[in-house]
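Participant: Got a structure here, written out as structure tokens. Questions coming.
Any read-out appearing in this document is the output of simple, stated calculations on the displayed coordinates, not a laboratory observation. Only a predicted model underlies this, so the values are computations on that prediction, with no experimental measurement involved. Backbone-built Cβ (ideal geometry, glycine too); neighbour counts: all protein chains shown.
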Amino acid sequence: HQVTEAGNGAEAKQLLSVETFDLVLTDIIMPEQDGLEVLMSQFMRPDRPKIIAISGGSPNLPQQELLDVALKMKADAVLSKPVSYETLSAAVKSALAGSEGQ
């Protein structure tokens, strides 16, 4: 895979506005703009990439609530931290397999 890295949610949104990606892997809790804002920025795009959201929770919201919100915002998959390599790899393969032929 070719990987492009963003340091925070604002940087991710900027990259998504100028480049095309097959998959976005986003943490929900990030500086500047969170992963839910990244997800929302892609919500209505017909060509949006597949999105996997990851969370370990926050002091204000439990992990499962954050993941449930991401699913309601049409994340293609959600993962709980800590996440194993095997789980992450399977989620990436599944998401990319679902985008074939699009």
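Participant: Report, by chain and number, residues whose modeled amide H sits under 5 Å from the one on Leu79, excluding near sequence neighbours (fewer than 5 apart, same chain).
Facilitator: Here Ala53, Ile54, Ser55 satisfy the definition.
Participant: Ordered by residue, what ³J(HN,Hα) values in Hz, to whole numbers, does the range 31-37 give under the Karplus form 6.51 cos²θ - 1.76 cosθ + 1.60, where θ = phi - 60° and Gly and Pro are x?
Facilitator: Values, residue by residue: x, 6, 9, 8, x, 5, 5 Hz.
Participant: Any idea which of Ile28, Gln42, Gly9 is furthest toward the positive side of the dipole for the chain, if Lys and Arg beta-carbons carry +1 and Asp and Glu beta-carbons -1?
Facilitator: The residue sitting most towards the positive pole is Gln42.
Participant: Here's something else I'd like to know. Near the amide H of Val24, under 5 Å away, which other amide H atoms are found, from residues 5 or more places off or on another chain, if H is placed in the peptide plane?
Facilitator: Lys50, Ile51, Ile52
Participant: Something else now. Give me P(r) over the range 1-77, computed from all C-alpha to C-alpha distances, binned every 10 Å, as integer percentages.
Facilitator: 20, 57, 22, 2
Participant: Can you show me the helix-derived [θ] at 222 nm for the chain, built from DSSP H runs with n ≥ 4 at -39,500 (n - 2.57) apiece and divided by the number of residues, rounded to the nearest 500.
Facilitator: Taken over the chain, the calculation gives -12500 deg cm²/dmol.
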